[in-house]
Amino acid sequence: MGRMRRYFGTDGVRGEAGKHPLTPEFVLKLGQAAGAYFRREGARPVVLLAKDTRESSDLLEAALAAGLLSQGVRVEHLGVLPTPGVAHLTQRLGATAGAMISASHNPYQDNGIKFFGPAGEKLPDEAEEAIEVLLEEAHPTRGIGTVGDFREAERMYLDFLLEHAPDLSGLKVGLDLAHGATCRVGPKLFQRVGAEVMAFFNTPDGRNINKGCGSTHPEALSRFVVELGLDLGIAFDGDGDRALFVDRKGRLFHGDHVLYLAALAFGEEGVVGTVMSNMGLEVALKEKGIAFHRAQVGDRYVLEMLKEKDLYLGGEPSGHVIFRRHHTTGDGLFTALMVLGALKRTGGDLADWYEALPLYPQVLLNVKVADKAKVMGHPRLKEAVAEAERRLGGRGRVNVRPSGTEPVVRVMVEAEEGAEALAKELAALVRSLDQG
């Protein structure tokens with residue numbers, strides 16, 4: 001393992017916009033360091049740059065672009081586009097790299113920057129470490145890069161999605177667009193393939209992204225689907241790399257359900273989930289003779305394990321799903337097309353598939369802490385987790401992990417019974433270790 005990364009977390013550099021490290025001054029330096037790194041990859045680097053709908057995205061885009069340009073990098077602006085659109089176009093157009101300005105499902109005050117390599121995959125840890133080393137050096141202007149507005153970006157991304165889209169004629173679908181990056185392309189896509197679309201939360205104002213909507217708050221969508229008699233609903237997050245579904249009864253159909261449906265519909269030999277995947281999914285897949293593997297949380301780690309095991313389907317309960325035969329990263333719109341295609345293949349609707357996968361009751365508590373490293377490294381926590389697992393006796397799981405993007409320790413307990421009491425006990429210990 002390389003050096004510890006100071007700025008890059010599980011999903012790029014994240015934080016509150018306007019505060020370190022997401023100040024224009026730091027982002028300019030990040031652009032210079034990244035530009036210096038990409039110059040090593042080729043004499044005339046080209047970086048594609050896109051953003052979501054947050055009010056701070058324009059400021060950070062300008063700062064990042066200035067840093068890249070000062071190193072002689074050509075910057076192509078893609079405008080507002082889902083993160084997976086940047087990944088796809090970076091690969092498709094043969095660019096040196098892609099960059100996305102977004103904090104995904106976080107509130108509007110937050111923002112972030114993530115980079116994709118030429119294969120359309122998130123930069124590996126080693127590349128992020130190399131950029132961090134370069135951040136500590138001064139970078140004089142090494143050339144003057146030029147800027148373009150790549151106006152074909154949305155059309156090319158839409159064409160890619162349409163290549164994989166089933167005919168959805170007559171399907172009544174509700175789209176919760178989270179006031180985010182899928183606002184334009186989402187409704188266009190579903191209308192083009194014949195669905196009757198009702199679009200919700202599609203008027204971004206810079207501050208309403210993910211607010212009471214999107215994949216982190218699908219309750220309103222559930223209500224709309226039931227009240228309006230829709231066949232299903234799909235909720236995206238702010239940058240469009242994840243999708244959750246609501247069946248006609250208003251029940252949430254999340255990433256574990258998607259993996260189960262897709263594994264059976266597409267005849268997968270094995271599936272990669274994460275330590276957050278429900279034990280019910282593991283049990284159900286094994287009953288069908290499908291191997292199940294757990295990666296660390298983060299779709300980059302899911303992709304790494306898919307390659308390592310030579311498998312093609314993986315994802316997280318949050319709705320990040322990777323269909324490796326066709327795509328390099330989680331893509332909410334693509335996932336929606338794959339799920340609807342799988343339903344056409346297998347018959348039945350989401351409600352039937354929801355009932356086909358009995359999940360273990362899961363309790364997830366997010367405990368705000370001042371010092372994640374101190375808490376996670378404490379021997380008392382390790383002892384308590386081991387003791388909790390002994391008590392469950394193989395009929396459940398415990399996972400305590402630090403968030404990669406927030407000052408939070410996540411306590412997850414899954415068990416046929418007693419999950420809530422055990423989770424509360426562990427959360428109280430986390431609090432006391434943080435304060436002690």
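The values are calculated or read from the model by the stated rules, or taken from the named source; none is laboratory data. Fair warning: this is a prediction, and the values are worked out from it, not measured in the lab. Every residue, glycine as well, gets a Cβ built from its backbone with ideal geometry; the counts of neighbours run over all protein chains shown.
Does residue 55 qualify as being in contact with a Lys or Arg (Cβ under 7 Å, 6 or more places away or on another chain) and surrounded by fewer than 23 Cβ atoms within 10 Å (Cβ to Cβ)? Considered against the rule, which asks whether it is in contact with a Lys or Arg (Cβ under 7 Å, 6 or more places away or on another chain) and surrounded by fewer than 23 Cβ atoms within 10 Å (Cβ to Cβ), residue 55 comes out as yes.
Conditions tested, residue by residue: (1) of a type in the set (A, V, I, L, M, F, W, C); (2) closer than 30 Å to residue 243 by Cβ.
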| residue | (1), (2) |
| --- | --- |
| 307 | no, yes |
| 315 | no, yes |
| 335 | no, yes |
| 365 | yes, yes |
| 372 | no, yes |
| 376 | yes, no |
| 390 | no, no |
| 395 | no, no |
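All told, residue 346 falls short of being closer than 30 Å to residue 192 by Cα and surrounded by 21 or more Cβ atoms within 10 Å (Cβ to Cβ).
The numbered conditions (1) in contact (Cβ under 8 Å) with a residue 24 or more places away in the chain; (2) among the hydrophobic types (A, V, I, L, M, F, W, C); (3) surrounded by fewer than 15 Cβ atoms within 10 Å (Cβ to Cβ) are all true for residue 359 except (3).
If you scan the stretch 81-114, which residues turn out to be in a strand (DSSP E or B), surrounded by 24 or more Cβ atoms within 10 Å (Cβ to Cβ) and not basic (Lys, Arg)? 97, 98, 99, 100, 101, 111, 112, 113, listed by residue number.
Conditions tested, residue by residue: (1) closer than 18 Å to residue 265 by Cα; (2) out of contact with any Lys or Arg (no Cβ under 6 Å at 6 or more places or on another chain); (3) of a type outside the set (Ser, Thr, Tyr).
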| site | (1), (2), (3) |
| --- | --- |
| 279 | no, no, yes |
| 288 | yes, yes, yes |
| 291 | yes, yes, yes |
| 296 | no, yes, yes |
| 301 | no, yes, no |
| 304 | no, yes, yes |
| 311 | yes, yes, yes |
| 315 | yes, yes, yes |
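Against the conditions (1) assigned to a loop (DSSP other than H, G, I, E, B); (2) without any contact (Cβ under 8 Å) to a residue 12 or more places away in the chain; (3) over 23 Å from residue 120 (Cβ atoms), residue 21 satisfies every one except (2). The set of residues in the stretch 281-303 being over 21 Å from the mean Cα position of the chain (by Cα), surrounded by fewer than 19 Cβ atoms within 10 Å (Cβ to Cβ) and at negative phi consists of 283, 286, 287, 288, 291. The set of residues in the stretch 140-165 being surrounded by fewer than 18 Cβ atoms within 10 Å (Cβ to Cβ) and either part of a loop (DSSP other than H, G, I, E, B) or at pLDDT below 95 (or both) consists of 140, 141, 142, 143, 144, 146, 151, 152, 164. Got at least one residue in the stretch 231-245 being surrounded by 23 or more Cβ atoms within 10 Å (Cβ to Cβ), out of contact with any strand residue (DSSP E or B) (no Cβ under 7 Å at 6 or more places or on another chain) and assigned to a helix (DSSP H, G or I)? Checked against the condition, which is being surrounded by 23 or more Cβ atoms within 10 Å (Cβ to Cβ), out of contact with any strand residue (DSSP E or B) (no Cβ under 7 Å at 6 or more places or on another chain) and assigned to a helix (DSSP H, G or I), the stretch 231-245 yields no hits at all.
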